[in-house]
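The values are calculated or read from the model by the stated rules, or taken from the named source; none is laboratory data. What you see is a predicted model, and the numbers here were worked out from it, not measured in a lab. Cβ sites come from the backbone with ideal geometry, for glycine too, and all protein chains shown count toward neighbours. Side chains included, ligands, DNA and RNA excluded: accessible areas come from the protein's heavy atoms. Shrake-Rupley method; radii C 1.70, N 1.55, O 1.52, S 1.80 Å.
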Amino acid sequence: MVLMQAVTTLAEKVAHDIRALLTHGALRPGQKLSEAGLAERLCVSRNTLREAFRLLTKDGLLRHEANRGVFVSVPTAASIIDIYRVRRVIECAALRTGYAQHPAVGRMADAVQHAKDLRAARDWVGVGSANMDFHAAIVELADSPRLGAFYGNIAAELRLAFGLLEEPEVMHAPFIPMNDELVGLMQRGQSEEAARRLDQYLVRSERSVLASFSRLSAAAS
């Protein structure tokens, strides 16, 4: 029983590491995962990796195809709509209960500055990762480890949706000043206004992602 618990714990850590790769754009939608390569990269056995794959498949982030292997999931329009529905509930509530002196507000500001630096270097994948860090910091305002863990899976699914976009600059660039505005509102103690602006922001983001998704679907058909 002790040995099984240890293996499960390691598999959960590996699943967390793979989820982080997804969230930061290192793995793309539809990509086939090399069991040997990923086991070597993460310094784990194939058995542990397979258990991590099973956990992530259960979460909907990976899919297993018989006789073909394991692939990164490809979001659907329905899943994108649901992701944004959940985001509005979680993130807007977290902002509403936040306060200027909360350490997460500082992490929000750091993420915005990092995004600006990456924008100057025209590293749009990096800007996307900084944006994910910004929204993770918003969730930290809720001071709920369980909510943070749940949001981690949502963030990975969201990044997969971003991974479908052919022009990441068009998606990510407009939201840098919006993120900066949210930081300013939180620093001035205007959490209710910040939550209202974020709700509008997420509606705009959802529409942009769905529009790009529709164009890609039409081109593929």
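Assorted remarks:
- Restricting Arg87, Arg96 to those that are of a type outside the set (S, T, N, Q) and open to solvent by 20 Å² or more (accessible area, probe 1.4 Å) reduces the list to Arg96.
- Taking first residues from the range 67-79 that are closer than 14 Å to Leu33 by Cα and open to solvent by 40 Å² or more (accessible area, probe 1.4 Å) and partners that are in a strand (DSSP E or B) and not acidic (Asp, Glu), the Cβ contacts under 8 Å between residues at least 6 apart in sequence or on separate chains come to Arg68/Lys32.
- Selection over the range 116-128 of residues that are open to solvent by 10 Å² or more (accessible area, probe 1.4 Å) and either in a helix (DSSP H, G or I) or on the phi > 0 side of the Ramachandran plot (or both) gives a count of 9.
- Comparison of Ala100, Ala109 shows that the only residue that is of a type in the set (Gly, Ala, Ser) and outside any helix (DSSP H, G or I) is Ala100.
- All of Leu95, Leu160 fail the test of being in contact (Cβ under 8 Å) with a residue 60 or more places away in the chain, touching a strand residue (DSSP E or B) at 6+ places or on another chain (Cβ under 9 Å) and in a helix (DSSP H, G or I), apart from Leu160.
- Pairs with Cβ under 6 Å, 6+ apart, first in the range 30-47 and modelled with pLDDT under 95, second part of a loop (DSSP other than H, G, I, E, B) and surrounded by 14 or more Cβ atoms within 10 Å (Cβ to Cβ): Gly30/Val74
Rundown of residues vs (1) more than 30 Å from Lys32 (Cα to Cα); (2) touching a strand residue (DSSP E or B) at 6+ places or on another chain (Cβ under 9 Å); (3) surrounded by fewer than 20 Cβ atoms within 10 Å (Cβ to Cβ), yes/no style:
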| site | (1), (2), (3) |
| --- | --- |
| His114 | yes, no, yes |
| His135 | no, no, no |
| Ile138 | yes, no, no |
| Ser144 | yes, no, yes |
| Phe150 | no, no, yes |
| Ala155 | no, no, no |
| Met171 | no, no, no |
| Leu182 | yes, no, no |
| Glu192 | yes, no, yes |
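- Search result, residues across the range 45-66 that are in contact with an Asp or Glu (Cβ under 9 Å, 6 or more places away or on another chain) and either open to solvent by 20 Å² or more (accessible area, probe 1.4 Å) or assigned to a strand (DSSP E or B) (or both): Arg46, Arg50, Glu51, Leu55, Asp59, Gly60
- So Ala104, is it of a type in the set (A, V, I, L, M, F, W, C), closer than 24 Å to Ala130 by Cα and without any contact (Cβ under 8 Å) to a residue 40 or more places away in the chain: yes
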